[in-house]
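Chemist: Handing you this structure, nothing more for now.
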Amino acid sequence: MTSSQPLVCIFFKLPPSHRPCSRIYEIAWNVLLPQLNRIDEAFIAVQATRPSSEAKKIWAEARRTASEKMFNLQDIPFSSNNTAYYFLQFLDALHSGSDNSEPYQSFLSAAGDAIVRAGTAQKVMVEFREEIRIVVGRITNILSNDGRDVSSFVTESSQSLLELATGVEECNAILEEHREEFKMVQRQSSDEKSNPPSEEEIRVVQEKWRAFEGITDPDAYRWQALRREMRGPEDSGEPVTTSYNSTSPTMPTYNPKNRRIPLWKKFFYRTISYILLEKLC
């Protein structure tokens, strides 16, 4: 009995790996957030006896800014999901024999948008790393000038800065991989006459892009919860201890059989995407 050979796609491009979307999400929860919290705990400890309102204000602003930068990481699954949506529109138009020029251009624009957003996220992650480093230095100077023993804060924050730098480096390497994969996807042709796809190829490619669309769906991730944790407690003086783990509800989840997305959310995502794509064109 001969085993079936894997299908070779001669016309359609397969979707990029979904790994970048899930991995940067894991890095944000497993590396960036815990290290911010570690600095926060060290800061609270050194503030215990003689609080500095100036240092506290600087650190609170740094956490707020860090929280806002997570929007740029959130853009990665969002733009990936949009690309999948428009690719499937293009595939359906081509398969039905209708005019595919408009869905094809929408797909190319969405893929281009994903590339741009990944590049922006890379720059923002470098800014994130540098801003935290600068803020830690400022806080250290303020506290040491007031005669406090900041040795424990320096030790803890220095280690956290190293961990943050490593996390950012990995994140940016993944984003670069993501950009290259989308550049390959952008090479998709709209003229199937030279290499007409078979029905089997259409079916397989459609299944893979639908799976990619589901895995990258905005509802599969809890970015809002991450941003809230990044901001930290408001004037509570208590350290944040939330972290990501494999059994946490923050873990991205997707079940294609039970997927239910409210129509208003679909309309909202597509409307925002359309507006952004129009600006890029």
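What follows is calculated from the coordinates using simple rules that are stated; it is not laboratory data. Remember, it's a predicted structure, so these values are computed and weren't measured experimentally. For neighbour counting, all protein chains shown are included, and Cβ atoms are generated from backbone atoms with ideal geometry for every residue, glycine included.
Chemist: Quick one: residue 100 ticks every box in (1) within 22 Å of residue 207 (Cβ to Cβ); (2) within 26 Å of the chain's Cα centre (by Cα); (3) not basic (Lys, Arg) except a single one, so which number is it?
Modeler: It fails just one condition, (2).
Chemist: A further question follows. Tell me the residue from 102, 130 that is under 23 Å from residue 74 (Cα atoms) and free of Cβ contacts under 8 Å to residues at least 24 places away in the same chain, please.
Modeler: Details: 102 fails: under 23 Å from residue 74 (Cα atoms).
Criteria check complete, one pass: 130.
Chemist: Can you name every residue in segment 114-142 that is closer than 29 Å to residue 201 by Cα and surrounded by fewer than 24 Cβ atoms within 10 Å (Cβ to Cβ)?
Modeler: 115
Chemist: Among the candidates 163, 200, 177, 156, single out the residue that is over 29 Å from residue 23 (Cα atoms), in contact (Cβ under 8 Å) with a residue 60 or more places away in the chain and either of a type in the set (Lys, Arg) or part of a helix (DSSP H, G or I) (or both).
Modeler: Details: 163 fails: over 29 Å from residue 23 (Cα atoms); 177 fails: over 29 Å from residue 23 (Cα atoms); 156 fails: over 29 Å from residue 23 (Cα atoms).
200 is the lone residue from the list that is over 29 Å from residue 23 (Cα atoms), in contact (Cβ under 8 Å) with a residue 60 or more places away in the chain and either of a type in the set (Lys, Arg) or part of a helix (DSSP H, G or I) (or both).
Chemist: Determine if segment 209-220 includes at least one residue that is touching a Cys at 6+ places or on another chain (Cβ under 9 Å), assigned to a helix (DSSP H, G or I) and of a type in the set (Val, Ile, Thr).
Modeler: Kept after step one, since they are touching a Cys at 6+ places or on another chain (Cβ under 9 Å), are these residues of segment 209-220: 215-216, 220.
If we keep only those that are assigned to a helix (DSSP H, G or I) as well, we get 215, 220.
Adding the requirement that they be of a type in the set (Val, Ile, Thr) leaves 215.
Scanning segment 209-220, I find at least one residue that is touching a Cys at 6+ places or on another chain (Cβ under 9 Å), assigned to a helix (DSSP H, G or I) and of a type in the set (Val, Ile, Thr), so the answer is yes.
Chemist: Something else now. What residue, of 43, 71, 87, 78, is assigned to a helix (DSSP H, G or I), of a type in the set (Phe, Trp, Tyr), in contact (Cβ under 8 Å) with a residue 24 or more places away in the chain and surrounded by fewer than 16 Cβ atoms within 10 Å (Cβ to Cβ)? It would help to see each step written out before you state the result.
Modeler: On the way: 43 fails: surrounded by fewer than 16 Cβ atoms within 10 Å (Cβ to Cβ); 87 fails: surrounded by fewer than 16 Cβ atoms within 10 Å (Cβ to Cβ); 78 fails: surrounded by fewer than 16 Cβ atoms within 10 Å (Cβ to Cβ).
Matching residue, one of 43, 71, 87, 78: 71.
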